[in-house]
Amino acid sequence: MAAIDSLPPLRDVIATHGLSAKKALGQNFLLDLNLTAKIARQAGDLTGMDVLEVGPGPGGLTRGLLAEGARKVMAVEKDARCLPALAEIAAAYPGRLDVIEGDALALNVLDRLTPPIAICANLPYNVGTELLVRWLTPEVWPPVWDSLTLMFQKEVAQRIVAQPGSKAYGRLAVLAQWRCEAQIVMHLPPEAFTPPPKVGSAVVHIKALPKPKFDADAKVLERVVAAAFNQRRKMLRASLKGLTPDIEARLAEVGIAPTERAERVSVEGFCALARSVAKA
Ligand code: SAM
(Lines give C-alpha, C1' and ligand atoms only; values in the text may rest on other atoms or scores of the structure.)
Protein backbone atom coordinates (compact mmCIF):
# COMPACT_ATOMS: atom_id res chain seq x y z
CA MET A 1 0.00 0.00 0.00
CA ALA A 2 1.18 3.53 -0.74
CA ALA A 3 2.74 5.54 2.11
CA ILE A 4 0.29 8.07 3.54
CA ASP A 5 2.97 10.77 3.73
CA SER A 6 6.67 11.36 3.08
CA LEU A 7 7.69 11.14 6.75
CA PRO A 8 9.76 8.21 8.08
CA PRO A 9 8.12 4.95 9.22
CA LEU A 10 6.99 5.10 12.87
CA ARG A 11 9.47 2.42 13.99
CA ASP A 12 12.29 4.70 12.79
CA VAL A 13 10.68 7.72 14.50
CA ILE A 14 10.57 5.79 17.79
CA ALA A 15 14.19 4.66 17.46
CA THR A 16 15.47 8.11 16.42
CA HIS A 17 13.76 9.89 19.31
CA GLY A 18 14.20 7.15 21.94
CA LEU A 19 10.46 6.79 22.57
CA SER A 20 10.44 3.60 24.63
CA ALA A 21 6.87 3.14 25.87
CA LYS A 22 6.12 4.23 29.43
CA LYS A 23 3.44 2.24 31.22
CA ALA A 24 2.61 5.09 33.62
CA LEU A 25 1.55 7.23 30.64
CA GLY A 26 -0.60 4.47 29.14
CA GLN A 27 1.67 4.27 26.12
CA ASN A 28 0.60 1.59 23.64
CA PHE A 29 1.53 2.95 20.25
CA LEU A 30 -0.02 2.27 16.85
CA LEU A 31 2.77 1.92 14.30
CA ASP A 32 0.82 0.90 11.20
CA LEU A 33 -0.02 4.09 9.31
CA ASN A 34 -2.66 2.36 7.19
CA LEU A 35 -4.40 1.42 10.43
CA THR A 36 -4.16 4.94 11.86
CA ALA A 37 -5.55 6.37 8.58
CA LYS A 38 -8.42 3.87 8.86
CA ILE A 39 -9.15 5.03 12.42
CA ALA A 40 -9.05 8.67 11.26
CA ARG A 41 -11.60 7.79 8.55
CA GLN A 42 -14.03 6.57 11.25
CA ALA A 43 -14.33 10.22 12.30
CA GLY A 44 -16.07 10.94 8.96
CA ASP A 45 -15.09 13.57 6.43
CA LEU A 46 -12.50 15.74 8.18
CA THR A 47 -12.15 18.25 5.37
CA GLY A 48 -12.87 21.68 6.80
CA MET A 49 -12.82 20.41 10.40
CA ASP A 50 -10.56 21.20 13.33
CA VAL A 51 -9.54 18.10 15.26
CA LEU A 52 -8.52 17.77 18.89
CA GLU A 53 -6.24 14.79 19.49
CA VAL A 54 -5.27 13.79 23.01
CA GLY A 55 -2.02 11.87 23.43
CA PRO A 56 -0.48 11.90 19.93
CA GLY A 57 2.66 10.08 21.15
CA PRO A 58 4.95 9.50 18.15
CA GLY A 59 2.16 10.78 15.88
CA GLY A 60 0.74 7.79 13.99
CA LEU A 61 -2.90 8.85 14.39
CA THR A 62 -1.90 12.52 13.97
CA ARG A 63 -0.46 11.67 10.57
CA GLY A 64 -3.64 9.75 9.71
CA LEU A 65 -5.82 12.75 10.64
CA LEU A 66 -3.71 15.16 8.59
CA ALA A 67 -3.50 12.81 5.59
CA GLU A 68 -7.29 12.41 5.75
CA GLY A 69 -7.64 16.16 5.26
CA ALA A 70 -8.27 17.71 8.70
CA ARG A 71 -8.12 21.49 8.38
CA LYS A 72 -6.12 21.68 11.57
CA VAL A 73 -5.09 19.25 14.33
CA MET A 74 -4.45 20.40 17.88
CA ALA A 75 -2.60 17.67 19.74
CA VAL A 76 -2.13 17.66 23.52
CA GLU A 77 0.73 15.45 24.72
CA LYS A 78 2.00 15.03 28.27
CA ASP A 79 5.29 13.32 27.37
CA ALA A 80 7.85 15.95 26.33
CA ARG A 81 9.99 13.21 24.68
CA CYS A 82 7.42 13.08 21.85
CA LEU A 83 7.67 16.77 20.94
CA PRO A 84 10.59 16.56 18.45
CA ALA A 85 8.82 13.78 16.50
CA LEU A 86 5.63 15.84 16.45
CA ALA A 87 7.60 18.91 15.30
CA GLU A 88 8.69 16.94 12.22
CA ILE A 89 5.04 16.24 11.39
CA ALA A 90 4.17 19.92 11.91
CA ALA A 91 6.92 20.86 9.45
CA ALA A 92 5.57 18.42 6.85
CA TYR A 93 2.06 19.90 7.17
CA PRO A 94 2.76 23.66 7.50
CA GLY A 95 0.21 25.57 9.57
CA ARG A 96 -1.99 22.51 10.18
CA LEU A 97 -0.60 20.96 13.38
CA ASP A 98 -0.41 22.71 16.77
CA VAL A 99 1.17 20.68 19.53
CA ILE A 100 0.53 21.58 23.14
CA GLU A 101 2.67 20.00 25.84
CA GLY A 102 0.61 19.28 28.93
CA ASP A 103 -1.93 17.19 30.78
CA ALA A 104 -5.22 17.02 28.86
CA LEU A 105 -7.07 16.72 32.18
CA ALA A 106 -5.70 20.07 33.31
CA LEU A 107 -6.10 22.02 30.05
CA ASN A 108 -9.20 23.23 28.28
CA VAL A 109 -8.10 23.66 24.69
CA LEU A 110 -11.42 23.12 22.91
CA ASP A 111 -12.10 26.86 22.92
CA ARG A 112 -8.94 27.41 20.88
CA LEU A 113 -10.44 25.50 17.94
CA THR A 114 -12.91 26.69 15.33
CA PRO A 115 -16.09 24.66 14.76
CA PRO A 116 -16.87 22.27 13.23
CA ILE A 117 -14.73 20.25 15.64
CA ALA A 118 -14.03 16.51 15.83
CA ILE A 119 -12.24 14.88 18.75
CA CYS A 120 -10.21 11.82 17.82
CA ALA A 121 -7.77 9.94 20.02
CA ASN A 122 -6.14 6.70 20.98
CA LEU A 123 -6.65 7.60 24.60
CA PRO A 124 -4.33 6.80 27.43
CA TYR A 125 -6.42 4.21 29.25
CA ASN A 126 -5.93 5.80 32.65
CA VAL A 127 -7.53 9.13 31.65
CA GLY A 128 -9.88 8.05 28.85
CA THR A 129 -13.08 7.60 30.84
CA GLU A 130 -12.65 10.84 32.75
CA LEU A 131 -12.15 12.84 29.53
CA LEU A 132 -15.14 11.13 27.92
CA VAL A 133 -17.44 12.05 30.83
CA ARG A 134 -16.27 15.67 30.62
CA TRP A 135 -16.93 15.82 26.88
CA LEU A 136 -20.38 14.28 27.38
CA THR A 137 -21.40 16.70 30.15
CA PRO A 138 -20.68 20.25 28.98
CA GLU A 139 -22.65 23.17 30.45
CA VAL A 140 -24.58 23.74 27.22
CA TRP A 141 -25.90 21.40 24.55
CA PRO A 142 -25.20 20.92 21.68
CA PRO A 143 -21.53 20.79 22.67
CA VAL A 144 -18.76 22.60 20.82
CA TRP A 145 -17.70 19.28 19.24
CA ASP A 146 -19.58 17.39 16.51
CA SER A 147 -18.20 13.92 17.11
CA LEU A 148 -15.86 11.85 19.29
CA THR A 149 -13.90 9.00 17.71
CA LEU A 150 -12.06 7.31 20.54
CA MET A 151 -10.09 4.16 21.20
CA PHE A 152 -10.87 2.43 24.48
CA GLN A 153 -10.26 -0.88 26.12
CA LYS A 154 -12.94 -3.16 24.70
CA GLU A 155 -14.71 -3.42 28.05
CA VAL A 156 -15.05 0.40 28.30
CA ALA A 157 -16.28 0.61 24.69
CA GLN A 158 -18.95 -1.99 25.52
CA ARG A 159 -20.07 0.06 28.52
CA ILE A 160 -20.62 3.11 26.29
CA VAL A 161 -22.91 1.32 23.81
CA ALA A 162 -24.55 -1.09 26.30
CA GLN A 163 -28.31 -1.60 26.34
CA PRO A 164 -30.50 -1.95 29.47
CA GLY A 165 -30.56 -5.41 30.95
CA SER A 166 -26.87 -6.07 30.37
CA LYS A 167 -24.10 -6.03 32.95
CA ALA A 168 -22.20 -3.38 30.99
CA TYR A 169 -25.14 -0.93 31.11
CA GLY A 170 -24.54 1.93 33.52
CA ARG A 171 -23.74 5.60 33.92
CA LEU A 172 -21.52 5.77 30.82
CA ALA A 173 -24.23 4.27 28.59
CA VAL A 174 -26.90 6.70 29.83
CA LEU A 175 -24.62 9.75 29.53
CA ALA A 176 -23.48 8.71 26.04
CA GLN A 177 -26.85 7.64 24.65
CA TRP A 178 -29.08 10.38 26.11
CA ARG A 179 -28.08 12.99 23.54
CA CYS A 180 -25.66 11.21 21.22
CA GLU A 181 -25.60 8.28 18.84
CA ALA A 182 -22.81 5.93 19.97
CA GLN A 183 -21.49 2.87 18.18
CA ILE A 184 -18.44 0.62 18.10
CA VAL A 185 -16.92 1.03 14.64
CA MET A 186 -13.69 -1.01 14.88
CA HIS A 187 -12.18 -3.78 17.00
CA LEU A 188 -8.41 -4.04 17.44
CA PRO A 189 -6.51 -7.00 18.89
CA PRO A 190 -3.69 -6.38 21.41
CA GLU A 191 -1.09 -7.13 18.69
CA ALA A 192 -2.09 -3.97 16.82
CA PHE A 193 -0.20 -1.99 19.49
CA THR A 194 3.43 -1.67 20.55
CA PRO A 195 3.75 -2.86 23.25
CA PRO A 196 0.54 -4.94 23.16
CA PRO A 197 -1.86 -4.18 26.05
CA LYS A 198 -3.35 -7.09 28.02
CA VAL A 199 -6.83 -6.69 26.52
CA GLY A 200 -8.45 -5.95 23.16
CA SER A 201 -9.46 -2.43 22.15
CA ALA A 202 -12.30 -0.88 20.20
CA VAL A 203 -12.98 2.45 18.51
CA VAL A 204 -16.22 4.14 19.50
CA HIS A 205 -17.80 6.82 17.31
CA ILE A 206 -20.10 9.18 19.19
CA LYS A 207 -22.08 11.78 17.30
CA ALA A 208 -23.70 14.67 19.17
CA LEU A 209 -27.42 15.08 18.45
CA PRO A 210 -28.69 18.67 18.12
CA LYS A 211 -30.92 18.08 21.16
CA PRO A 212 -31.42 15.25 23.69
CA LYS A 213 -33.61 12.31 22.69
CA PHE A 214 -35.68 12.85 25.85
CA ASP A 215 -36.08 16.04 27.92
CA ALA A 216 -34.29 16.22 31.25
CA ASP A 217 -32.25 18.66 33.27
CA ALA A 218 -28.65 17.51 32.79
CA LYS A 219 -27.58 18.05 36.40
CA VAL A 220 -30.61 16.24 37.83
CA LEU A 221 -30.22 13.35 35.38
CA GLU A 222 -26.54 13.02 36.29
CA ARG A 223 -27.44 12.90 40.01
CA VAL A 224 -30.17 10.31 39.48
CA VAL A 225 -27.97 8.09 37.32
CA ALA A 226 -24.94 8.39 39.63
CA ALA A 227 -27.04 7.42 42.67
CA ALA A 228 -28.81 4.59 40.84
CA PHE A 229 -25.62 2.94 39.58
CA ASN A 230 -23.47 3.64 42.64
CA GLN A 231 -25.48 0.92 44.31
CA ARG A 232 -26.54 -0.94 41.20
CA ARG A 233 -27.47 -4.15 42.98
CA LYS A 234 -29.95 -2.39 45.26
CA MET A 235 -33.58 -1.71 44.44
CA LEU A 236 -34.18 1.83 43.20
CA ARG A 237 -36.30 2.80 46.21
CA ALA A 238 -33.20 2.17 48.36
CA SER A 239 -30.45 3.47 46.07
CA LEU A 240 -32.37 6.69 45.26
CA LYS A 241 -33.85 7.49 48.65
CA GLY A 242 -31.19 10.11 49.35
CA LEU A 243 -32.35 12.14 46.31
CA THR A 244 -35.81 13.01 47.56
CA PRO A 245 -37.90 11.69 50.48
CA ASP A 246 -40.83 10.86 48.18
CA ILE A 247 -38.79 8.76 45.73
CA GLU A 248 -41.41 5.96 45.77
CA ALA A 249 -44.06 8.43 44.54
CA ARG A 250 -41.67 9.73 41.86
CA LEU A 251 -40.96 6.20 40.64
CA ALA A 252 -44.68 5.40 40.62
CA GLU A 253 -45.43 8.57 38.66
CA VAL A 254 -43.17 7.48 35.81
CA GLY A 255 -44.21 3.83 35.91
CA ILE A 256 -40.99 2.35 37.35
CA ALA A 257 -41.45 -0.28 40.07
CA PRO A 258 -39.74 0.74 43.34
CA THR A 259 -38.24 -2.75 43.46
CA GLU A 260 -36.62 -2.32 40.01
CA ARG A 261 -32.83 -2.26 39.65
CA ALA A 262 -30.91 0.46 37.81
CA GLU A 263 -29.58 -1.78 35.06
CA ARG A 264 -33.10 -2.51 33.79
CA VAL A 265 -34.20 1.14 33.42
CA SER A 266 -33.99 2.58 29.90
CA VAL A 267 -32.44 5.96 29.07
CA GLU A 268 -35.99 7.22 28.47
CA GLY A 269 -37.00 5.93 31.92
CA PHE A 270 -34.10 7.73 33.64
CA CYS A 271 -35.01 10.97 31.83
CA ALA A 272 -38.66 10.68 32.93
CA LEU A 273 -37.52 10.04 36.50
CA ALA A 274 -35.15 13.06 36.37
CA ARG A 275 -38.08 15.27 35.21
CA SER A 276 -40.25 13.99 38.05
CA VAL A 277 -37.48 14.45 40.67
CA ALA A 278 -36.79 17.98 39.34
CA LYS A 279 -40.33 19.13 40.03
CA ALA A 280 -40.51 17.44 43.45
N1 SAM B 1 -1.79 8.38 19.70
C2 SAM B 1 -0.61 7.54 19.82
C3 SAM B 1 -0.81 6.26 19.03
O4 SAM B 1 -1.95 5.98 18.69
O5 SAM B 1 0.17 5.56 18.79
C6 SAM B 1 -0.30 7.24 21.28
C7 SAM B 1 -1.42 6.58 22.06
S8 SAM B 1 -0.97 6.06 23.69
C9 SAM B 1 -2.25 4.88 23.99
C10 SAM B 1 -1.50 7.38 24.76
C11 SAM B 1 -0.73 8.71 24.64
O12 SAM B 1 -1.30 9.67 25.55
C13 SAM B 1 0.73 8.64 25.00
O14 SAM B 1 1.48 9.32 24.03
C15 SAM B 1 0.84 9.36 26.36
O16 SAM B 1 2.10 9.97 26.58
C17 SAM B 1 -0.26 10.37 26.26
N18 SAM B 1 -0.83 10.81 27.54
C19 SAM B 1 -0.97 10.08 28.68
N20 SAM B 1 -1.60 10.79 29.63
C21 SAM B 1 -1.87 12.00 29.07
C22 SAM B 1 -2.51 13.17 29.55
N23 SAM B 1 -3.00 13.24 30.79
N24 SAM B 1 -2.60 14.25 28.72
C25 SAM B 1 -2.11 14.18 27.46
N26 SAM B 1 -1.49 13.10 26.96
C27 SAM B 1 -1.37 12.02 27.75
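Enumerate the pairs (first residue in the range 59-82 and more than 19 Å from ALA106 (Cα to Cα) and in the same structural domain as LEU150 (by TED's automatic domain parsing); second residue anywhere and within 8 Å of the ligand (Cβ to nearest atom) and among the aromatic types (Phe, Trp, Tyr)) with beta-carbon separation below 8 Å, excluding pairs fewer than 6 apart on the same chain, so at least 6 apart or on different chains.
Qualifying pairs under 8 Å: GLY60/PHE29.
Among the helices (runs of 4 or more DSSP H) contained in the range 192-280, which hold 2 or more residues that are surrounded by 17 or more Cβ atoms within 10 Å (Cβ to Cβ) and out of contact with any Asp or Glu (no Cβ under 7 Å at 6 or more places or on another chain)?
218-230, 247-253, 267-278
Would it be correct to say that THR149 is part of a helix (DSSP H, G or I) and either within 16 Å of the ligand (Cβ to nearest atom) or among the basic types (Lys, Arg) (or both)? Give the derivation first.
Values: part of a helix (DSSP H, G or I): no; either within 16 Å of the ligand (Cβ to nearest atom) or among the basic types (Lys, Arg) (or both): yes.
It is false that THR149 is part of a helix (DSSP H, G or I) and either within 16 Å of the ligand (Cβ to nearest atom) or among the basic types (Lys, Arg) (or both).
With the requirement that a residue be part of a strand (DSSP E or B) and either under 19 Å from SER201 (Cβ atoms) or touching a Phe, Trp or Tyr at 6+ places or on another chain (Cβ under 8 Å) (or both), what does the range 17-59 give you?
PHE29, LEU30, LEU52, GLU53, VAL54
Residues to consider are ALA85, ALA106, ALA121; find the one that is touching a His at 6+ places or on another chain (Cβ under 8 Å) and within 13 Å of the ligand (Cβ to nearest atom). Lay out the reasoning, then the answer.
Details: ALA106 fails: touching a His at 6+ places or on another chain (Cβ under 8 Å); ALA121 fails: touching a His at 6+ places or on another chain (Cβ under 8 Å).
Answer to the check: ALA85.
Can you work out which of the residues in the range 123-161 that are surrounded by fewer than 20 Cβ atoms within 10 Å (Cβ to Cβ) and in contact with a Pro (Cβ under 8 Å, 6 or more places away or on another chain) is modelled with the lowest pLDDT?
TYR125
Take the conditions under 25 Å from VAL185 (Cα atoms) and either within 12 Å of the ligand (Cβ to nearest atom) or in contact with a Cys (Cβ under 7 Å, 6 or more places away or on another chain) (or both) and apply them to GLN27. Does it pass?
When the stated conditions are applied, GLN27 passes them.
Can you tell me which of (1) within 8 Å of the ligand (Cβ to nearest atom); (2) in contact with a His (Cβ under 9 Å, 6 or more places away or on another chain); (3) not hydroxyl-bearing (Ser, Thr, Tyr) is the one GLN42 doesn't meet?
GLN42 satisfies all of (1) within 8 Å of the ligand (Cβ to nearest atom); (2) in contact with a His (Cβ under 9 Å, 6 or more places away or on another chain); (3) not hydroxyl-bearing (Ser, Thr, Tyr) except (1).
Restricting attention to the range 68-77, which residues are surrounded by fewer than 23 Cβ atoms within 10 Å (Cβ to Cβ) and within 14 Å of the ligand (Cβ to nearest atom)?
Listed by number, the residues that qualify are MET74, VAL76.
Which is touching an Asp or Glu at 6+ places or on another chain (Cβ under 9 Å), surrounded by 22 or more Cβ atoms within 10 Å (Cβ to Cβ) and among the aliphatic types (A, V, I, L, M), of VAL99, VAL13?
VAL13
Restricting to the range 190-244, name every residue that is touching a residue at least 12 places away in the same chain (Cβ under 8 Å), in contact with a Ser or Thr (Cβ under 8 Å, 6 or more places away or on another chain) and closer than 26 Å to PRO58 by Cβ.
ALA192, PHE193, VAL203, VAL204, HIS205, ILE206
Take the residues in the range 1-20 that are of a type in the set (Gly, Ala, Ser) and modelled with pLDDT under 95, then tell me which one is nearest to the ligand (Cβ to nearest atom).
Among residues in the range 1-20 that are of a type in the set (Gly, Ala, Ser) and modelled with pLDDT under 95, the one nearest to the ligand (Cβ to nearest atom) is ALA3.
Within the set of pairs 6 or more residues apart or between chains, which connect a residue that is among the hydrophobic types (A, V, I, L, M, F, W, C) inside the range 10-31 to a residue that is exposed (fewer than 15 other Cβ atoms within 10 Å of the Cβ) with Cβ atoms less than 7 Å apart?
Within 7 Å, the pairs are ALA21/PRO195; LEU31/ARG11.
Looking at the range 245-280, which of its residues are among the small types (Gly, Ala, Ser), under 13 Å from VAL220 (Cβ atoms) and touching a residue at least 60 places away in the same chain (Cβ under 8 Å)? Before you say what the answer is, go through the steps one by one.
Residues of the range 245-280 that are among the small types (Gly, Ala, Ser), as a first pass: 249, 252, 255, 257, 262, 266, 269, 272, 274, 276, 278, 280.
Narrowing further to those that are under 13 Å from VAL220 (Cβ atoms): 272, 274, 276, 278, 280.
Within the range 245-280, just ALA278 meets the criteria.
The values are calculated or read from the model by the stated rules, or taken from the named source; none is laboratory data. As the structure is a computational prediction, the values presented were derived from the model and not from experiment. Cβ atoms come from the backbone with ideal geometry, glycine included; neighbour counts cover every protein chain shown.
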